[in-house]
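Comments concern the structure below.
The values are calculated or read from the model by the stated rules, or taken from the named source; none is laboratory data. Only a predicted model underlies this, so the values are computations on that prediction, with no experimental measurement involved. So basically every Cβ, Gly included, is an ideal-geometry build from the backbone, and we count neighbours across all protein chains shown.
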Amino acid sequence: MNVLVINAGSSSLKYQLLNVETREVYAKGNCERIGIDGAFIGHEEMGGEKQKLVCELPNHKVAAEHVFEILSKLDVKIDGIGHRVVQGAWRFPESKVVTDETLGWVREVAPLAPLHNYAEADVIDECRARLPEVGNVVVADSAFHMQIPEVAHRYALPRDVVDKFHIRKYGAHGTSHRYIWRATDHFTNHETHKLVSCHLGSGASLCAIQDGHDMDTTMGLTPLDGLIMGTRCGTIDPATVCYLEREGGYTADEVDTMMNKQSGLLAVSGVSSDSRDIEEKADAGDANCKLALEMFSYRAAQLICEMAQAMEGFDTMAFSAGIGENSATNRANIVRRLGWLGVKIDDEKNSVRSDEVRDITGEGSSVRVLVVPTDEEYMIALDVKDLLG
Ligand code: ADP
């Protein structure tokens, strides 16, 4: 079965056309700078060179039209389309086939993720119009976290407020964490029971997964909470927001932008949001970059313990996404802080680069430590196959 996976960001649209049985990727790409000057599509086909196609992309609908145009030149029939929806909230505790009703739900819950959900809903409209005979599936990033028990997902705010505004921990990266569980379970031959899944990219979150069930995660109502990220501050005292508005004269939107786009590793390092740049400058002696790396691993180790507490222990941890898969330094920094729990990695194994799942556990470690390359597109395609195949 050939599945087209679409992932609309606020100003981007990523796509991948793959065979769900063989995991062969026929084509993939990203429409970038949608609605901004200088838009282009980076497109790649199996065995081919990466191409840059410059075109006008005023909105996501037009971007989707271009994607269909490009893919129509391939000799690959699309059998189903999977859509990554950032926020599914209470409407999508699991993936669902798109109907008029379920598409309405994507827009209904959009105020919780306005930059993403409306864009993906427009793309779904375009897909249904363009290929009316092909089924579409919504795979919400929040779905997995809807399993989290109330003791962990409830916010200690007044009940009427929580109910009226649908406030709770929704989390994100759920599709990635679900994939990481699946790959870990397979790799360890079902020996993993209590996993702390560490998705560490420019957005970063942890998830406590016990025998495949989601017990807790570090992101909250929005993807701002939890770990320190590329440009996001992660958990801070919520009163900071009121203080900045009251005393600093900032508007709500300004504080929102500050916390999401101007904070995190970027703010602490003063150099970049990208861990590669920060590691390089830290090695050269830059004190702010060293501090950024220390703060990142400090918070990560602290929240790994929080996730372990949700399961009353852990037997495996898995590093994934851009930083988790590629940065031996960040992995070593985090595990060093967990030394008091008996967690150890093997330095030599940690320094190996590979696209495969690998075990980097050190001798005598109290838990198994893995590196698990994530594959959200494949997970989405699997859901499409389950629902439409
Ligand atoms: P997202 O999907 O959230 O945009 P990714 O999972 O692609 O993020 O991760 C991007 C981040 O991964 C980059 O910002 C960079 O910090 C980090 N990264 C990628 N490769 C390396 C590397 N070799 N060493 C250190 N960090 C890396």
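Specify the residue that is nearest to Val241 (Cα to Cα); the eligible residues are those in segment 281-296 that are among the aliphatic types (A, V, I, L, M) and crowded, with 19+ Cβ neighbours inside 10 Å.
For segment 281-296, the residue satisfying everything is Ala292.
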Restricting segment 335-349 to residues that are surrounded by 13 or more Cβ atoms within 10 Å (Cβ to Cβ) and hydrophobic (A, V, I, L, M, F, W, C), which is farthest from Arg299 (Cα to Cα)? Ile345
How many residues, within segment 1-40, are within 20 Å of Ala113 (Cβ to Cβ), more than 16 Å from the chain's Cα centre (by Cα) and buried (at least 20 other Cβ atoms within 10 Å of the Cβ)? 2
So, of the residues in segment 143-166 that are in a loop (DSSP other than H, G, I, E, B) and of a type outside the set (Phe, Trp, Tyr), which turns out to be farthest from the chain's Cα centre (by Cα)? Pro158
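If you scan segment 245-271, which residues turn out to be surrounded by 17 or more Cβ atoms within 10 Å (Cβ to Cβ), within 16 Å of the ligand (Cβ to nearest atom) and either closer than 14 Å to Cys233 by Cα or touching a residue at least 40 places away in the same chain (Cβ under 8 Å) (or both)? Break it down stepwise before answering.
Of all residues in segment 245-271, those surrounded by 17 or more Cβ atoms within 10 Å (Cβ to Cβ) come to 255, 258-260, 263-269, 271.
Retained after the next criterion (residues that are within 16 Å of the ligand (Cβ to nearest atom)): 260, 263-269, 271.
Within segment 245-271, Asn260, Ser263, Gly264, Leu265, Leu266, Ala267, Val268, Ser269 meet the criteria.
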Among the residues of segment 167-203, what is the count of those that are within 17 Å of the chain's Cα centre (by Cα) and over 15 Å from Leu370 (Cβ atoms)? 11
Restricting attention to segment 57-88, report how many residues are touching a helix residue (DSSP H, G or I) at 6+ places or on another chain (Cβ under 7 Å) and among the charged types (D, E, K, R). 3
Matching option when the condition is more than 27 Å from Lys344 (Cα to Cα) and modelled with pLDDT of 95 or more, among Ile236, Ile278: Ile236
Scan segment 217-241 for residues that are within 15 Å of the chain's Cα centre (by Cα) and not in a loop (DSSP other than H, G, I, E, B) and report the count. 1
What's the total number of residues in segment 206-219 that are surrounded by 16 or more Cβ atoms within 10 Å (Cβ to Cβ) and either among the hydrophobic types (A, V, I, L, M, F, W, C) or free of Cβ contacts under 8 Å to residues at least 60 places away in the same chain (or both)? 6
Long-range neighbours under 7 Å by Cβ, at least six apart or interchain, first residue in a helix (DSSP H, G or I) within segment 181-196, second of a type outside the set (Val, Ile, Thr): Trp181/Leu195; Trp181/Ser197; Trp181/Gly212; Thr184/Leu195; Thr184/Ala318; Thr184/Leu370; Phe187/Leu370
Considering only residues that are more than 16 Å from the ligand (Cβ to nearest atom), among the small types (Gly, Ala, Ser) and over 30 Å from Asn2 (Cβ atoms), look in segment 350-384 and name the one that is surrounded by the fewest Cβ atoms within 10 Å (Cβ to Cβ). Gly364
(1) of a type outside the set (D, E, K, R); (2) touching a residue at least 40 places away in the same chain (Cβ under 8 Å); (3) surrounded by 20 or more Cβ atoms within 10 Å (Cβ to Cβ); (4) part of a helix (DSSP H, G or I): which one isn't true of Ile278, the others all being true? (2)
Got a number for residues in segment 180-200 being surrounded by fewer than 24 Cβ atoms within 10 Å (Cβ to Cβ) and of a type in the set (Ser, Thr, Tyr)? 2
In segment 350-389, which residue that is assigned to a helix (DSSP H, G or I) and of a type in the set (Ser, Thr, Tyr) is nearest to the chain's Cα centre (by Cα)? Tyr378
Scan segment 257-290 residue by residue and report those that are among the polar types (S, T, N, Q) and within 17 Å of Asn330 (Cβ to Cβ). Ser269, Ser272, Ser273, Ser275, Asn288
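So that you can scan it fast, the table gives a plain yes or no per residue for (1) surrounded by 13 or more Cβ atoms within 10 Å (Cβ to Cβ); (2) touching a helix residue (DSSP H, G or I) at 6+ places or on another chain (Cβ under 6 Å):
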residue: Val97; (1), (2): yes, yes
residue: Pro111; (1), (2): yes, no
residue: Asp122; (1), (2): yes, yes
residue: Glu133; (1), (2): no, no
residue: Pro149; (1), (2): no, no
residue: Val162; (1), (2): yes, no
residue: Arg178; (1), (2): yes, yes
residue: Ser202; (1), (2): yes, no
What number of residues within segment 290-349 satisfy the criterion of being away from the ligand (no atom under 15 Å from the Cβ), in a helix (DSSP H, G or I), touching a Ser or Thr at 6+ places or on another chain (Cβ under 9 Å) and of a type in the set (S, T, N, Q)? 0
